[in-house]
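In what follows, a structure is listed as structure tokens, so that the remarks can point back to it.
The values are calculated or read from the model by the stated rules, or taken from the named source; none is laboratory data. Not measured: the values here are computed from a predicted model. Heads up, the Cβs are rebuilt from the backbone with ideal geometry, glycines too, and the neighbour counts pull from every protein chain shown. Note: areas computed on protein heavy atoms with side chains; ligands, DNA, RNA excluded. Shrake-Rupley method; radii C 1.70, N 1.55, O 1.52, S 1.80 Å.
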Amino acid sequence: MTRRLTKKEMWIFAVGQLGWSLLGGIINTWLVTFYLPTADDQAQGAIKYLTPGLVIFGVLTLLGLITFICRIFDAITDPLLASLSDRSNNKRGRRIPFMQYAAIPFAVLSVVVFLAPVNATSMVNFWWVLIFLILFYFFMTMYCTPYNALISEFGKTQDDRMYISTAISLTYFFGLLLSYTPFVFAGLLKNSLGFAWSYRICFIVLAILALICMLIPTFLLKEREIVDSKPIKTNTFKSLASTFKNKDFRIFVASDIMYWVGMTLFQTGLPFFIKVMTNDTNGTTVLYYMGAMTVLSACFYPFVSKLVAKFGKKKLTIAGFIGLSISYLCAALIGRFTKFFVDPFAVAVVIIAAFPMALLGIIPQSIVADVAEEEAIETNENREGMFFAARTFAMKLGQSIAMLSFTSLAIIGTTQATDANDINPSSLGMLIVAIVAIIFCLLGALILGFYNEKKVMNTILKHHEEIGLEDKVVINEIPAAESIIIDDDTKTNDTLDKEV
């Protein structure tokens, strides 16, 4: 006999997200800074571990090549590990054991990646980073794919699902914020430890904290008491093919790729442009702005569930796309007014982007969980792992496209030395990055408009009523502006059929 999670257990589950988002933030934020140091960093003792500049076809750095190879590797491991999790018959559950086994190597590798063996430019360092970064992403997938699948399995009602999505979004952003702390603490340690070890010590401390957070839900939550799912028998490729046969999921994934391209261009460009355009030499201004955006976004989180109950997930996600587009336009204007104490456009970005980030940080995960549940109801196969693996791959694909294109876009209109690590952005390039990000976000909104939220939620609601599960579901009529909120504590099936 299974049960619903308590609110306390939902927060215990969310702590795991803090851990893995912290480790992911370390790699995403610091890999380039550490291995491709700017002239200012080199003046402070940073070592060129890799051959600098655009050495691959004149458009890619060695680190860019490494990242590209890792994403190709992810394309294989994401569905493979998802299938292994979906097919697992472990007595402790299909997800928790994978997470537990992955946590330690995942945390350790986040530090090992930065322990290049040769203190000079060397291809040995290239192979070191490539091998250990591939392993890092393997164990990241091994932890994150089962973890994300539990969002659908632990969230038995819409209220539970939104609460879990809100909680893990808060811990995600908190983990991301922690990954920025070396901007401050490494600077304090550089004089005594040197450039490399000042960062390594910070990474070690953060990795230990992340490991503790990732292990907490694996020891305190008993999956079999909460989830009564049966392992599927379909092999990896058939399971993946079946997942993408779902039309609404294909629409969501296409929209999600657009979102991640736009979001990554924003996240990659904003810290860089704030640092350069505000003449910030130590990076603390970046931490302040990003921290303010995270805190303000978190303030909106308690309101998201209420808004979903009124407007539905689809409309709010589209609104989030549009809000981000406006904030990107403001980002392009950072540095235009230097006479003020703070840059007004940087402040505008913080204020305008906070609410859309709250919407898009919570709702998309819940949409995937909805589609996965609807599919399980229709096919009697619990393939939550594969659905979330496909969503993770969409995220990585979008991030890769953005990372590969950012440098080329940012330097349009200026002269960029091919043997330098410093990016020399132009005002034109800055504007083009913003325009491209806006285009991708608006495309994401347009594509998501074809998602049939009414059908998905109607299927889930009817199933919940059949099994006597208390729930609230929002069904949006496409042509109408109103939403119908149905509480199955008070509605019967006959009433439901009439209203829908």
Exercise for review: Round to a whole angstrom and tell me the spacing of the C-alpha centers of the stretch 90-141 and the stretch 173-215.
Suggested key: 17
Point to revise | Greater than 32 Å apart at Cα, pairs in 91/454; 8/233; 7/230; 7/238; 230/310 | key: 91/454; 8/233; 7/238; 230/310
Review point. How much accessible surface does residue 124 have with a 1.4 Å probe, in Å² rounded to 10?
Key: 80
Study note, to complete from the structure: Simple spin-label estimate for residue 254/residue 224, 7 Å along Cα→Cβ, in nm, reads 4.3
Check your understanding: Which whole-Hz ³J(HN,Hα) couplings does the stretch 180-191 yield from phi under the Karplus relation 6.51 cos²θ - 1.76 cosθ + 1.60, θ = phi - 60°, glycine and proline marked x?
Key -> 8, 4, x, 3, 8, 6, 5, x, 6, 9, 4, 5
**Study point:** Two-site FRET efficiency, residue 204 against residue 452, from Cβ-Cβ distance with R₀ of 60 Å, rounded to 0.05
**Key:** 0.80
